[in-house]
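The values are calculated or read from the model by the stated rules, or taken from the named source; none is laboratory data. Quick caveat, the model's predicted, so the values are computed rather than measured. Cβ: placed from backbone, ideal geometry, glycine included. Neighbour counts: every protein chain shown. Only protein heavy atoms, including side chains, enter the accessible area calculation; ligands, DNA and RNA are left aside. Shrake-Rupley method; radii C 1.70, N 1.55, O 1.52, S 1.80 Å.
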Amino acid sequence: MSKLFSHFALRKLTLENRIVVSPMCQYSASEGSASDWHLIHLGQLALGGAGLLCIEATAVEAIGRITPDCLGLYSDDNEAALRRVLVSLRRHAGTPIAIQLAHAGRKASSYSPWEGGKLIAPEAGGWLPIAPSALPFSKAEPPPREMNAAELARVREAFVHAAQRAAQLDIDAIELHAAHGYLLHTFLSPLSNRRSDDYGGSLENRMRFPLQVFSAVREAWPEAKPLGMRISASDWIEGGWDLAQSLELAKQLKALGCDWIDASSGGLAPEQKISLGPGYQVQFAEAIRKEAGIPTIAVGLITEPRQAEDIVASGRADMVALARGILYEPHWAWRAAAELGGQLSAPKQYWRAPPRGQEAIFRGAKVGQR
């Protein structure tokens, strides 16, 4: 039996298979509120057969958005707009839904990728980003504002309030975003955190704020529901955040009740040097799973069903997450089930879709003809 298509339990949530749809920014919200685009986008992904669908990086406060068009969950309007999307999804799809809560930190106030992705100046409609230290993402950009004690408390509570809104929306799981050069990641890395107080310097101090955020969210989030964290396991820059530090962070998170580590990498600074290749980040998920004893999600150029099967079956990770590959092929999980002999759930309206000889991929499908 395919290991990729075996069930996996995260607290009281049981996934039908080990395929996760990664959170993917769409830059299509209005003042942080989900739009019709989100209904269409998430709707097609929810019907694709993955075991878990994660909503894109969702800002916990307005200045935590990557772009002015990014999704947020910091206002009543944001919550109401996302509720409308979720009601439709749940009416037609049974896929569990997670949300990634995030704060962009010094990468906030940026143009959308198709508009160049550069920093938007306040006079052009942007805002002044915040960060652990007044160090810009790029030397060509002005520095962000270093966060003071009041801002640390405010942002921590913003994560809590967003988690409480997610609970009110009956979302199944939360992933906190501490990767790709966004706020929590910049606290972790010595390259972006030059603070001299209790939140900078030693590894213990640099981990302090991300761990405090996690602990506060875990306390506010229902006990039966899983909570994980995405990290960049390496900055890919000499002297930066690396796997050894990631292992210590993972152990600390496990002790606080973390249910998985989504092991990505990079994104902190333009100086990174990454050797790309199929499954190039799986090594991080494997090491964290083995050394910290916590479930992991493997990501990064995982494109083929047998590749994904091998990662899970060999114990290198507990789940695999796809982003661009599943955008290109929303029913990737169907192809994987056909190739690996797996089964998954699908809406009745699609029961007649599989080619002859592959009808068994849909669990419980019964098709009559007249």
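Conditions tested, residue by residue: (1) more than 23 Å from G181 (Cα to Cα); (2) among the aliphatic types (A, V, I, L, M); (3) open to solvent by 10 Å² or more (accessible area, probe 1.4 Å).
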| position | (1), (2), (3) |
| --- | --- |
| G257 | yes, no, yes |
| K273 | no, no, yes |
| Q281 | no, no, no |
| E286 | no, no, yes |
| T296 | no, no, no |
| P305 | yes, no, no |
| E309 | yes, no, yes |
| A317 | yes, yes, no |
Open item on the list: Six or more apart or on different chains, Cβ atoms under 6 Å: show the pairs whose first residue is in the stretch 323-348 and modelled with pLDDT of 95 or more and whose second is assigned to a helix (DSSP H, G or I) and surrounded by fewer than 15 Cβ atoms within 10 Å (Cβ to Cβ).
Closed with: P330/Q44
TODO: Give L253, L249, L191 a once-over and let me know the one that is touching a Phe, Trp or Tyr at 6+ places or on another chain (Cβ under 8 Å), buried (at least 24 other Cβ atoms within 10 Å of the Cβ) and among the aliphatic types (A, V, I, L, M).
DONE: L253
Open item on the list: List the strands (runs of 3 or more DSSP E) inside the stretch 1-45, counting only whole elements, that have at least 2 residues being under 25 Å from Y182 (Cβ atoms).
Closed with: 19-21
- [ ] Find all pairs meeting these conditions: Cβ atoms under 9 angstrom apart; at least six residues apart or on different chains; first residue within the stretch 158-183 and on the phi < 0 side of the Ramachandran plot; second residue open to solvent by 10 Å² or more (accessible area, probe 1.4 Å) and of a type in the set (V, I, T).
- [x] Y182/I66
Open item on the list: Only one of E175, E157 is surrounded by fewer than 24 Cβ atoms within 10 Å (Cβ to Cβ) and over 16 Å from P136 (Cα atoms). Can you tell me which?
Closed with: E157
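For residues that are among the charged types (D, E, K, R) and free of Cβ contacts under 8 Å to residues at least 60 places away in the same chain, scanning just the stretch 194-208, find the one that is least open to solvent (accessible area, probe 1.4 Å).
R206
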TODO: Would you mention how many residues in the stretch 49-84 are open to solvent by less than 10 Å² (accessible area, probe 1.4 Å) and more than 23 Å from G228 (Cα to Cα)?
DONE: 1
Task: Contacts under 7 angstrom Cβ, first residue in the stretch 349-360 being within 16 Å of A336 (Cα to Cα) and small (G, A, S), partner part of a loop (DSSP other than H, G, I, E, B) and open to solvent by 70 Å² or more (accessible area, probe 1.4 Å), 6 or more apart - done: A360/Q343
TODO: Counting only residues that are within 30 Å of P136 (Cβ to Cβ) and in contact with an Asp or Glu (Cβ under 7 Å, 6 or more places away or on another chain), give me the helices (runs of 4 or more DSSP H) lying completely in the stretch 264-337 with at least 3 of them.
DONE: none
